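What follows is a short report on a single structure.
The values are calculated or read from the model by the stated rules, or taken from the named source; none is laboratory data. Computed from a predicted structure; not experimentally measured. Note that we place each Cβ from the backbone using ideal geometry, even for glycine, and neighbour counts take in every protein chain shown. The accessibility values were calculated without ligands, DNA or RNA, using every heavy atom of the protein model including side chains. Shrake-Rupley method; radii C 1.70, N 1.55, O 1.52, S 1.80 Å.
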Amino acid sequence: MEEDKLQEKEFFSWEEFSAFFDAWCERRKVLFFVKNSVPLSKCKWATAPPRPDVVEALKYSSVRLVCKDFRGSSKPEQGGQHKGCCASIVLKMSPKKDRLIVTECQLAHNHALCPIEFAYYFKKGYLMANSCLPVRTTNKISKQFVGGPDVRRLLSYCKSRDHGVLDVLTVLDGLFASDPNAKVKLVFMEDKVIVQTIFFLSSRMMALSRRFPLMLFFDRMVGLNEEFDLYSVLCVDGAGRGREVAYCLTQRETPDLLRFTLASLVQSVPEVKLQVRCITLGVEIANLEAVKELLPNARVQICRSQVLETLFSKAQELGAAEDERIWPLLCRLAAAKSPSAYQQAAQEMKAILPQRFVRYFQRHWQPRSEMWVQFWAFETARNVNACELLKQHQRRLLAALSPSPTVAQCMLDLLAMQVGNEAHELDEGELATHYRAICKPEPAGLIEEELGFARHGRYRFQETAEGYLLHDGLSEFAMDQALTRCSCSIYTSSLLPCRHLFATRLHTGLALFDPGLLHRNQAALLGAC
Ligand SMILES: [Zn+2]
Ligand SMILES: [Zn+2]
């Protein structure tokens, strides 16, 4: 009898049971699903609780599986109504709290078993995946933006720490608690409770992309982790620094990340769609045609120094001789300032580089020369060096991220980096020097004093129709959109930039040294009488 074989059968983990039961169902073409279950992580214990590793392995203190037809059916083509099927299996944790035991099994069905129906409904691995979060929930929420309430709902469903999902949800819960308007998109692997991709940006990052949408950058971080990749979108702020406007963390080898990330960014901040004029990509980013569709006014460029490094190492790989002319030639090619200079360098390549390399070049880089050769792919803004900006970003990430982090830890580090960012970049001494160079000593001294108050933990910022509001815990100060005027008494009496203007500029990425801040007080400038 089947019952005899199942009854009292023992399993030392839910995974073991799931694998056994999947195979068992496949052999018999029967469909069971979990009707009730008591997760161990949610049990209260009168006596000593089971060890944490046991909770992790067994997952449930009891599970009742019932036949898919337990409700019966009333489909006329199946010969009218028939009563619900009683086939069921009950699994319970043993009294010793170290294994699961089949304590009841009723395997007789009151209906025929249909292999076609089985093939249609059966999903291998479903029992295992479902033990963390209901798979239908993750399938439903996948690829959508989630908000704080969604995350809290998922957290309340979450029964185990499998695949770090619980940790990721906990980080997201913290993010929404401090920033309810943050945008987060989660992608789960289909029919599994494994996070494939997380796209996220804080409301600060959204404000930055609204303010500085002209040039964007997109690149993958090199050497983060063996399991997942980090992609960032950057903009250039008023001081010429690269600022993160979106992050995408994803399982390695996930295809078409450029499209996914840009689409998610445009959904989060629709204004940027038509405003982006240029996007510079890391050399290994693929499927560039996505840009045309998502950012129709943007030129596509590929980071020149990365192209150069790729060409050089490819030349070695394809058998180029040790020849000290190669690197300077490639540099001349990339930095060509006219089409003829480019043509000439490309011709010279044929003389000193192997034919295989020349063919590789003609196939991969020649057709895209407008995206990386200096003559065509020039810098849009004079003081922005795209390659340097991407390199600096890499260095910042390396400094901010824990070594070999989990996805959840990586998100925490990235969010902390956002908070710490402007504080690091504020150099009061250097700014004061700039102001002293254009101001008389007395106003320069006042400005320096105000700069000292720009970094203040208790400031809260709010965007309004007219500009910005800053709350300092006691009062509220209103500033214009351009952040050159403030309602406080320091500004109104001196017409010099105050701490509120500096703090809000710091917060929004605007330059802190800006001669425009002195337009209304020409008398403060050196050379004025
Ligand atoms: Zn049945
Ligand atoms: Zn002020």
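Structure notes:
- Scanning the range 221-234 for residues that are buried (at least 19 other Cβ atoms within 10 Å of the Cβ) and out of contact with any Cys (no Cβ under 9 Å at 6 or more places or on another chain) yields Met221, Leu234.
- Residue within the range 109-122 that is part of a helix (DSSP H, G or I), outside the structural domain of Met189 (by TED's automatic domain parsing) and open to solvent by less than 30 Å² (accessible area, probe 1.4 Å) present: yes
- Checking Val38, Val54 one by one, the residue that is touching a Ser or Thr at 6+ places or on another chain (Cβ under 6 Å) and away from ligand 1 (no atom under 16 Å from the Cβ) is Val38 and no other.
- Flag for Ala503 being touching a strand residue (DSSP E or B) at 6+ places or on another chain (Cβ under 9 Å), farther than 30 Å from Asn181 by Cβ and aliphatic (A, V, I, L, M): no
- Counting the residues of the range 245-280 that are outside any helix (DSSP H, G or I) and within 27 Å of Phe188 (Cβ to Cβ) gives 14.
- For Cys387, the conditions (1) loosely packed, with under 12 Cβ neighbours inside 10 Å; (2) touching a residue at least 60 places away in the same chain (Cβ under 8 Å); (3) in a helix (DSSP H, G or I) are fulfilled apart from (1).
- Screening Met128 on (1) in a helix (DSSP H, G or I); (2) exposed (fewer than 14 other Cβ atoms within 10 Å of the Cβ); (3) aliphatic (A, V, I, L, M) shows it passes everything except condition (2).
- Residue within the range 453-476 that is at pLDDT below 90, within 16 Å of ligand 2 (Cβ to nearest atom) and open to solvent by less than 20 Å² (accessible area, probe 1.4 Å) present: yes
- Considering residues of the range 24-54 that are free of Cβ contacts under 8 Å to residues at least 24 places away in the same chain and open to solvent by less than 40 Å² (accessible area, probe 1.4 Å) only, the residue farthest from Gly125 (Cα to Cα): Cys43
- Of all residues in the range 55-67 being under 25 Å from Leu113 (Cα atoms) and of a type outside the set (Val, Ile, Thr), the one that is most open to solvent (accessible area, probe 1.4 Å): Arg64
- Residue among Leu294, Leu274 that is in contact with a helix residue (DSSP H, G or I) (Cβ under 9 Å, 6 or more places away or on another chain) and farther than 30 Å from Glu430 by Cα: Leu294
- Of all residues in the range 402-444 being among the charged types (D, E, K, R) and under 33 Å from the mean Cα position of the chain (by Cα), the one that is modelled with the lowest pLDDT: Glu422
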